[in-house]
Amino acid sequence: MNVLVTGGAGYIGSHAVKALIEAGHRVTVVDNLDRGHKRAVHEKATLEPVDLRQTGELTTVLQRDAIECVMHFAALAYVGESVDHPLRYYDNNATGSLSLLRAMHAAGVRRMVFSSTCATYGIPEQMPIVETMPQQPINPYGWSKLFVERMLADVAAADPGFGFTALRYFNVAGCAADGTIGEDHDPETHLIPVMLEAALGKRDVITIFGEDYPTPDGTCIRDYIHVEDLVEAHILAMNALHDGDARFYNLGIGRGYSVREMIEAAKAVTGVDFKVEIGPRRPGDPPELYANADRIRQDLGFTPRYTDIRHIIETAWNWFKAHPKGYEKE
Ligand code: UDP
């Protein structure tokens, strides 16, 4: 298939591009390279440094490359930043997606797999999270993604030939097992990379954001899914799309690990006893988030290959050891 990947120079998008090309698809990447890395883009993909808000340019690319399906990853994705700069998030994530949908409409492209998030649920009343639970985001990032889910549902309702799947990610982690691409964020705030930076000696200490949560060891629990499993789910979703589809799936492994368990695993994988301190809670962190992932397993036959957190961390560790300064700074 001819697939357009937005955000294909980013962490998750670049892993999707690699998997799509390895599965025999033709890939065009649209990325404004604001936070993405040129070097993360597979050499067999065509890279267009276009911003999603450039509707005319997008339409031209969609038509020129006879795109049949769009995988839409491009977005800003820091919860804290979204609270400080809400308009930046609504502009990039919501307006950008609106522009993309308009370009798709103009070019007659009627398939999309969309990167949504468990942040659209806000603070759920029950665990695990099922897709039918109320969506009540607690930050602009979550709202910006929920707006796009809504746009997609309305577009699908108005056009019986349109079909989409929105995948609500839990915590995406790890790097390509073959070590070719990885994770490089600036600033880095996610737990696994932060721990690995400490193991490499790039940080003196890591801080646990609160150990007074109502969880067994007092630290927050999250559901970590390996990035290669996650992109595999996108390909299954793309292949299963039909006219009129409006599908929503949680995408996690269906079990949670606490921050303390994550630290223990990272120390075991790296063999480094890095320093850990306890800090205050980080605003906006729900105590527990983990998926009920039955729907995607039943509908698409999706089964994650990585179920042991140590294996997930190992793939990230291999990348961080080989690229301690990331992509551009080597
Ligand atoms: N966390 C932490 N210290 C850090 C980074 C993260 O204790 O330096 C915790 C955070 O509070 C959350 C979990 O680790 O409970 C995962 O955080 P991350 O930022 O990786 O992902 P999020 O769940 O916010 O999307």
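The values are calculated or read from the model by the stated rules, or taken from the named source; none is laboratory data. As the structure is a prediction and not an experimental result, all values here were calculated from the model. Cβ sites come from the backbone with ideal geometry, for glycine too, and all protein chains shown count toward neighbours. For the accessible areas, the whole protein counts, side chains as well, though only heavy atoms, and no ligand, DNA or RNA atoms are used. Shrake-Rupley method; radii C 1.70, N 1.55, O 1.52, S 1.80 Å.
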Open item on the list: Which condition from (1) open to solvent by 50 Å² or more (accessible area, probe 1.4 Å); (2) closer than 30 Å to Pro160 by Cβ; (3) of a type in the set (A, V, I, L, M, F, W, C) is the one that Ile278 breaks?
Closed with: (2)
- [ ] Pick out the one residue from Ala316, Ala237, Ala266 that is more than 19 Å from the chain's Cα centre (by Cα), away from the ligand (no atom under 11 Å from the Cβ) and of a type in the set (A, V, I, L, M).
- [x] Ala266
- [ ] Could you tell me which numbered condition Asn250 fails, if it satisfies all but one of (1) over 28 Å from Glu131 (Cα atoms); (2) in a strand (DSSP E or B)?
- [x] (1)
Task: When residues of the stretch 62-75 are limited to those that are surrounded by fewer than 20 Cβ atoms within 10 Å (Cβ to Cβ) and in contact (Cβ under 8 Å) with a residue 24 or more places away in the chain, the one farthest from Leu152 (Cα to Cα) - done: Asp65
Open item on the list: When you scan the stretch 145-165, do you find a residue that is open to solvent by less than 30 Å² (accessible area, probe 1.4 Å), away from the ligand (no atom under 12 Å from the Cβ), under 21 Å from the mean Cα position of the chain (by Cα) and on the phi > 0 side of the Ramachandran plot, even just one?
Closed with: no
Task: Set Glu188, Glu183, Glu228: member being of a type in the set (D, E, K, R) and surrounded by fewer than 21 Cβ atoms within 10 Å (Cβ to Cβ) - done: Glu188
Task: Matching residues, the stretch 87-105, being open to solvent by 40 Å² or more (accessible area, probe 1.4 Å) and within 26 Å of Phe162 (Cα to Cα) - done: Tyr90, Asp91, Thr95, Leu98, Arg102, His105
Open item on the list: All but one of (1) assigned to a loop (DSSP other than H, G, I, E, B); (2) buried (at least 16 other Cβ atoms within 10 Å of the Cβ) hold for Pro216; state the number of the condition that does not hold.
Closed with: (2)
TODO: For Ala176, indicate whether it is closer than 21 Å to Lys18 by Cα, away from the ligand (no atom under 11 Å from the Cβ) and among the aliphatic types (A, V, I, L, M).
DONE: yes
- [ ] Of the conditions (1) in contact (Cβ under 8 Å) with a residue 24 or more places away in the chain; (2) charged (D, E, K, R); (3) part of a loop (DSSP other than H, G, I, E, B); (4) open to solvent by 80 Å² or more (accessible area, probe 1.4 Å), Asp285 clears all except one; give me its number.
- [x] (4)
Task: Within the stretch 275-306, considering residues that are among the acidic types (Asp, Glu) and within 16 Å of Arg222 (Cα to Cα), the one nearest to the ligand (Cβ to nearest atom) - done: Asp285
Open item on the list: Given the condition at pLDDT 95 or above, of a type in the set (Gly, Ala, Ser), over 20 Å from Gly163 (Cβ atoms) and in a helix (DSSP H, G or I), answer yes or no: does some residue in the stretch 76-86 qualify?
Closed with: no
Open item on the list: If a residue must be outside any helix (DSSP H, G or I) and open to solvent by 20 Å² or more (accessible area, probe 1.4 Å), how many such residues does the stretch 294-324 contain?
Closed with: 9
TODO: Would you point out which residue out of Tyr257, Tyr290, Tyr327 is open to solvent by less than 30 Å² (accessible area, probe 1.4 Å) and at pLDDT 95 or above?
DONE: Tyr257
Open item on the list: Whether any residue in the stretch 242-260 is more than 11 Å from the ligand (Cβ to nearest atom) and within 21 Å of Arg282 (Cα to Cα) is what I want to check.
Closed with: no
TODO: Determine which single condition Ala199 fails, assuming it passes every other condition in (1) more than 21 Å from the chain's Cα centre (by Cα); (2) within 9 Å of the ligand (Cβ to nearest atom).
DONE: (2)
